[in-house]
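Working notes, beginning with the structure itself.
What follows draws every value from the coordinates through simple rules; no lab data is involved. Computed from a predicted structure; not experimentally measured. Neighbour counts run over all protein chains shown; Cβ positions are idealised from the backbone, glycine included.
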Amino acid sequence: MSEIIQPVKKIVDFKGKSIRDQEAIQKIQEEAKKQEETKPTQLPDVKGYRILCAVPQVDEKYESGIIKADKTKHIEEHSTVVLFVMKMGDMAYADKDRFPTGPWCKEGDFVITRAYSGTRIKIHGREFRIINDDTVEAVVDDPRGYERA
């Protein structure tokens, strides 16, 4: 009978040192986790009565299957009235005289605002808006189907 010969695999860390025991593997995993936790976030930390919102991605095609032109997608993205709330400023909805019933929205909500409202920023090709807390006009459960009239 033939004997199956298996290659000898040598597990090494990023410096080329041999890793043989589980303790060394755990140490490397912990170091990687620390590096992951210390990565700076690219999203701005909104201040005051501002709200950071993400602009939902525009569909590539119409319902009929026809692909949209780049200019059409650009216009739809910029004139959208539906935004996703990502972060709230430290003073958002804090004014009890202006907001006697409490906040109009919370993080994780889809909200309707005026078209072209807020400060537009792009991070790695993705558009975000910073809006004022009183710019929110409605909260919607499902943003699909909403478009500027």
**Message:** Looking only at segment 55-77, filter to residues that are of a type outside the set (A, V, I, L, M), in contact with a strand residue (DSSP E or B) (Cβ under 9 Å, 6 or more places away or on another chain) and part of a loop (DSSP other than H, G, I, E, B); which one of those is farthest from residue 143 (Cα to Cα)?
**Reply:** 68
**Message:** It is to be established whether one or more residues within segment 123-131 are touching an Asp or Glu at 6+ places or on another chain (Cβ under 7 Å) and charged (D, E, K, R).
**Reply:** yes
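Filter segment 107-119 for residues that are more than 15 Å from the chain's Cα centre (by Cα) and not aliphatic (A, V, I, L, M) and give the result.
If the condition is that a residue be more than 15 Å from the chain's Cα centre (by Cα) and not aliphatic (A, V, I, L, M), then 113, 114, 116, 117, 118, 119 are the ones that fit.
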